[in-house]
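Asker: The structure is given below, and queries will be raised subsequently.
The values are calculated or read from the model by the stated rules, or taken from the named source; none is laboratory data. All figures in this text were calculated on a predicted structure; none of them were measured in a lab. Note that each Cβ is placed from the backbone with ideal geometry, even for glycine, and that neighbours are counted across all protein chains shown. We work out accessible area using only protein heavy atoms, side chains counted, and drop any ligands, DNA or RNA first. Shrake-Rupley method; radii C 1.70, N 1.55, O 1.52, S 1.80 Å.
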Amino acid sequence: MADIALKQKHTYVEASKKLEDASSTAWSFMFLSILGFAALILIWAGIFPLDIPFSTLLMGSIVFGILFLIFIFVSIRAFYDRKRLIPAKAKEDADICRIRNWFQEHYSADAISHGVDEEDISIEELYYLRTENISRLLTEEFPELEESFCEFLMDNIYQMYFSDET
């Protein structure tokens, strides 16, 4: 049972998508926190008067102040994640380019389909056999690749060679 929990597959998420997510999270939470604090200041300054009891206004201001403070911390954390992801994206892009170039130099579409009789099998079976070949070739040359990254590259390489068949 423990082996199953350790070997759970996950979908690979590109570093560029993680970077976009971190950026949008950082800016969104920062914008909301600034807007929230500005609203609280305007309410307490009397510019936006609220017809509610003082104790309710005080309690609401404390609760929302804490919430907007949490938003600032989330935003700062997302900015740090974004800063960390910039070099990771550059490394990932370089790795993808290097592996794709290596694959193009060493294998053709015919080599990937080698030994597969394309006449007698369905498109789905052909896809499965080709992706198995690509995956095997990648794993033999680059054993250090994470499984989900290898699957991402396999799909990427398959599309590079056989995009007109899908």
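Asker: Out of region 88-98, which residues are out of contact with any Leu (no Cβ under 6 Å at 6 or more places or on another chain) and either closer than 29 Å to Arg130 by Cα or without any contact (Cβ under 8 Å) to a residue 12 or more places away in the chain (or both)? Spell out how you get there, then give the answer.
Answerer: Residues of region 88-98 that are out of contact with any Leu (no Cβ under 6 Å at 6 or more places or on another chain), as a first pass: 88, 90-98.
Those that are out of contact with any Leu (no Cβ under 6 Å at 6 or more places or on another chain) and either closer than 29 Å to Arg130 by Cα or without any contact (Cβ under 8 Å) to a residue 12 or more places away in the chain (or both): Ala90, Lys91, Glu92, Asp93, Ala94, Asp95, Ile96, Cys97, Arg98.
Asker: When you scan region 69-87, do you find a residue that is in contact with a Leu (Cβ under 8 Å, 6 or more places away or on another chain) and surrounded by fewer than 16 Cβ atoms within 10 Å (Cβ to Cβ), even just one? I'd like the intermediate steps shown before the answer.
Answerer: Initially, region 69-87 is screened for residues in contact with a Leu (Cβ under 8 Å, 6 or more places away or on another chain), giving 71, 82, 85-86.
Still in the running and surrounded by fewer than 16 Cβ atoms within 10 Å (Cβ to Cβ): 86.
Checking region 69-87: at least one residue is in contact with a Leu (Cβ under 8 Å, 6 or more places away or on another chain) and surrounded by fewer than 16 Cβ atoms within 10 Å (Cβ to Cβ).
Asker: Sticking with this structure for a sec: For the structure I just gave you, tell me whether Ile66 is open to solvent by 60 Å² or more (accessible area, probe 1.4 Å), among the hydrophobic types (A, V, I, L, M, F, W, C) and in a helix (DSSP H, G or I). Reasoning before the result, please.
Answerer: On the way: open to solvent by 60 Å² or more (accessible area, probe 1.4 Å): yes; among the hydrophobic types (A, V, I, L, M, F, W, C): yes; in a helix (DSSP H, G or I): yes.
In short, yes.
Asker: Phe54 versus (1) at pLDDT 95 or above; (2) over 30 Å from Phe152 (Cβ atoms): which is the lone unmet condition?
Answerer: It is condition (1) that Phe54 fails.
Asker: Name, by its number, the condition in (1) open to solvent by 90 Å² or more (accessible area, probe 1.4 Å); (2) free of Cβ contacts under 8 Å to residues at least 12 places away in the same chain that does not hold for Leu58.
Answerer: Exception for Leu58: condition (1).
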